[in-house]
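The values are calculated or read from the model by the stated rules, or taken from the named source; none is laboratory data. This structure is a prediction, so every number in the text was calculated from the model and none was measured. Glycine gets a Cβ as well: all are built from the backbone with ideal geometry, and neighbour counts include every protein chain shown.
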Amino acid sequence: MTSSGPAARGRFITFEGIDGAGKSSQIAAAVAALRAHGIDVEQSREPGGTPLGERLRELLLHEPMHLETEAMLMFAARREHLAARILPALDAGRWVVCDRFSDATYAYQVGGRGLAHDKFAALEDWVHPGFQPDLTLIFDLPPAVAAARMAGSGATPDRFEREQHDFFERVRAAYLERARGAPQRIRVIDAGRAPELIRADIERLLAERFFV
Ligand code: TYD
C-alpha cells in the first residue's frame with residue numbers, strides 16, 4: 001500500500017456578529033457550499049462544540065457570574081474545543097466552520113462588558129498563541145434592527161440577548177475595530193440586506209479566498 005502523505009491542513013472559518021444578525025442560516029448555507037466543492041467540513045459553535053463546552057455554554061448563557069469568570073469560562077470552553085475538536089480536524093485535513101470564536105470574546109467581554117484588553121490578550125495568548133481563523137465573517141447591522149428580528153422570533157432571551165441597546169452598540173463597535181486591525185483575515189458583511197444577497201456575497205468571498 002502506498003502512502004499518500006499527510007493531508008493538507010484544513011481551514012478554519014468563523015462567523016461573528018451581534019445577536020440577531022442572522023448568522024445561523026448563512027452558516028448552514030456556507031457549509032453546504034463548501035461541501036459542494038468536495039470539502040470535508042465540520043460545523044461547530046462557541047461557547048460549545050464539545051460535551052464539556054456545551055455544559056459550560058449552559059452556564060454561560062443562563063447563570064449570573066462575574067465578568068472575569070465569564071471571560072475565563074469562554075476561554076476554558078475554547079481550550080477544550082481546540083484540543084478535542086478543532087485542531088485534530090484541521091490536522092486531519094478537515095475544515096471547521098465555527099459560529100463564533102475569540103473575536104466574540106473581544107467584542108462581548110471587552111467591548112460590551114468592559115474587560116481590560118490586557119486580560120483578554122493574556123487569555124488569547126495562553127489558549128491559542130499564534131493561531132487565528134483563516135477567514136472571519138462579521139455580520140454587521142444596527143442593534144435596533146437585530147433587536148426587532150430577535151423580538152419577532154418568540155424565543156426566550158438568554159443572559160446576553162437580554163442586554164440593552166447600548167451594550168450591543170459597544171459590541172458592534174468592538175467587532176468593527178477588530179476588523180480594522182486584521183483586514184486580511186476579517187471581512188465585514190452588511191447583514192441588513194436580503195438573505196439571498198448575503199449568501200451570494202459569502203459564496204463569492206469563499207471562492208476568492210480559497211478556490212481561485
Ligand atoms: P450564539 O450561539 O450566537 O447564540 P444563539 O444560539 O442564541 O444564536 O452565541 C451565544 C452567546 O454567547 C452570544 O450572545 C454571544 C456570547 N458570547 C460571548 O459573550 N463571548 C464569547 O466569547 C462567545 C463565543 C459568545
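When residues of region 164-174 are filtered for being free of Cβ contacts under 8 Å to residues at least 60 places away in the same chain and either within 15 Å of the ligand (Cβ to nearest atom) or surrounded by 11 or more Cβ atoms within 10 Å (Cβ to Cβ) (or both), how many remain?
So the answer is 5.
If you check E42 against the conditions, is it at pLDDT 95 or above, over 26 Å from I189 (Cα atoms), away from the ligand (no atom under 11 Å from the Cβ) and among the charged types (D, E, K, R)?
No: the conditions fail for E42.
Could you please let me know if R185 is away from the ligand (no atom under 11 Å from the Cβ) and of a type in the set (K, R)?
Here the answer is yes, as R185 does meet what is asked.
Is there any pair with a first residue in region 130-142 that is closer than 9 Å to I18 by Cβ and at pLDDT 95 or above and a second that is of a type in the set (K, R) and not in a strand (DSSP E or B) whose Cβ atoms are under 7 Å apart and which are 6 or more apart or on different chains, and what are they?
As it stands, the answer is F139/K23; D140/R172, since those pairs meet every condition given.
With the requirement that a residue be farther than 18 Å from V145 by Cβ and loosely packed, with under 14 Cβ neighbours inside 10 Å, what does region 175-195 give you?
Once the filter is applied, which keeps residues that are farther than 18 Å from V145 by Cβ and loosely packed, with under 14 Cβ neighbours inside 10 Å, region 175-195 yields E177, R180, G181, A182, P183, Q184.
Could you grab me the full set of residues in region 28-40 that are outside any helix (DSSP H, G or I) and not aliphatic (A, V, I, L, M)?
H37, G38, D40
Has region 11-27 got at least one residue that is assigned to a loop (DSSP other than H, G, I, E, B), over 18 Å from the mean Cα position of the chain (by Cα) and either within 13 Å of the ligand (Cβ to nearest atom) or closer than 16 Å to D134 by Cα (or both)?
No, region 11-27 has no match at all.
Confirm whether T69 is among the polar types (S, T, N, Q) and in contact (Cβ under 8 Å) with a residue 24 or more places away in the chain.
Here the answer is no, as T69 does not meet what is asked.
Suppose we filter G152, G114 for residues that are without any contact (Cβ under 8 Å) to a residue 24 or more places away in the chain and either loosely packed, with under 15 Cβ neighbours inside 10 Å or within 28 Å of E208 (Cα to Cα) (or both); which single one remains?
The unique qualifying residue is G152.
I'd like the residue in region 177-200 that is in a loop (DSSP other than H, G, I, E, B) and touching a strand residue (DSSP E or B) at 6+ places or on another chain (Cβ under 9 Å) and, out of all such residues, is farthest from G114 (Cα to Cα).
Restricting to residues being in a loop (DSSP other than H, G, I, E, B) and touching a strand residue (DSSP E or B) at 6+ places or on another chain (Cβ under 9 Å), the top hit is G192.
Go through region 153-176 and give me each residue that's in a helix (DSSP H, G or I), modelled with pLDDT under 95 and of a type in the set (A, V, I, L, M, F, W, C).
Once the filter is applied, which keeps residues that are in a helix (DSSP H, G or I), modelled with pLDDT under 95 and of a type in the set (A, V, I, L, M, F, W, C), region 153-176 yields nothing.
Inside region 47-141, counting only helices (runs of 4 or more DSSP H) that do not spill past its ends, which hold 2 or more residues that are among the aliphatic types (A, V, I, L, M), more than 22 Å from S24 (Cβ to Cβ) and within 10 Å of the ligand (Cβ to nearest atom)?
Correct list: 67-81.
Do we have any residue at all in region 59-79 that's β-branched (V, I, T) and buried (at least 22 other Cβ atoms within 10 Å of the Cβ)?
no
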